[in-house]
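Notes follow once the structure below has been shown.
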Amino acid sequence: MTRTVHVFDRTVHEAHDWVNELTGRLGWSSERDALRLLRTVLCKIRDHLPVNEMAQFSAQLPIMLRGMFFEGWQPKKTPVQERHAKDFIAAIEEQVGDVLDYRGAMDITATFTVINARISRGEVEDVRANLPQELRDLWPEP
């Protein structure tokens, strides 16, 4: 007999909600590609944050997305000192540039909009305050 652990079901459902919202905002046909973009943007945000802010931000992510957020993290290499939006966008493009629907900054901004909708306003403001001005300009205010 298989038993269900409801916390796993709930976090899978919450992660699906994030991906489905992003897929809709992007107008993409592939949830897999939308998840790839979301994961990439979250990890790029992570790499710009001091550890305490990173922990506070990640605490509001669904458990499944939180695992992706920390996957591959190398604390000694963070926070990065990247200051220009073009470098941030280029780093994301390295990971998702082969997605047929990908449109660069427009899709990254859509990802930020989903984060704004799903993370508390105060936490989004704290995260944005830790980013260089050019990245804050790319990320709409909550």
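When a footprinting reagent is the concern and you count Cβ atoms within 10 Å, what order do Glu134, Glu53 take, fewest first?
On the way: Glu134 15, Glu53 18.
Least crowded to most crowded, the residues run Glu134, Glu53.
Between Lys86, Lys77, Lys44, where does the largest GNM mean-square fluctuation fall for the chain, given springs only between Cα atoms within less than 10 Å?
Among Lys86, Lys77, Lys44, the largest mean-square fluctuation in the Gaussian network model of the chain belongs to Lys77.
How tilted is helix 85-96 with respect to the longest principal axis of the chain? Cα atoms for both, answer in degrees (0 to 90, nearest 10).
Compared with the principal axis, the helix lies near 40 degrees.
Restricting everything to alpha-carbon atoms, can you work out Rg to Rh for region 34-142 with a Kirkwood hydrodynamic radius? Kindly include the intermediate steps, with their values, before the conclusion.
Working: Rg = 12.7 Å, Rh = 13.9 Å.
Ratio value, two decimals: 0.92.
Name the lysines eligible as straight-distance cross-link partners of Lys86: C-alpha to C-alpha under 17 Å, and not fewer than 8 places from it in the same chain.
Those lysines meeting the cut-off are Lys44.
Over region 1-104, what relative contact order in percent results from Cα pairs under 8 Å that are six or more residues apart?
Numbers: 66 pairs, mean separation 31.3, N = 104.
The value is 30 percent.
Using the alpha-carbon atoms, what tilt in degrees (0 to 90, nearest 10) does helix 31-46 show relative to the longest principal axis of the chain?
Here the helix axis deviates by roughly 50 degrees.
Just so you know, all these numbers are worked out from the coordinates, no wet-lab data involved. What you see is a predicted model; the values in this text were computed from it and never measured. When we count neighbours, we look across all protein chains shown, and the Cβ atoms used for this are built from the backbone with ideal geometry, even at glycine.
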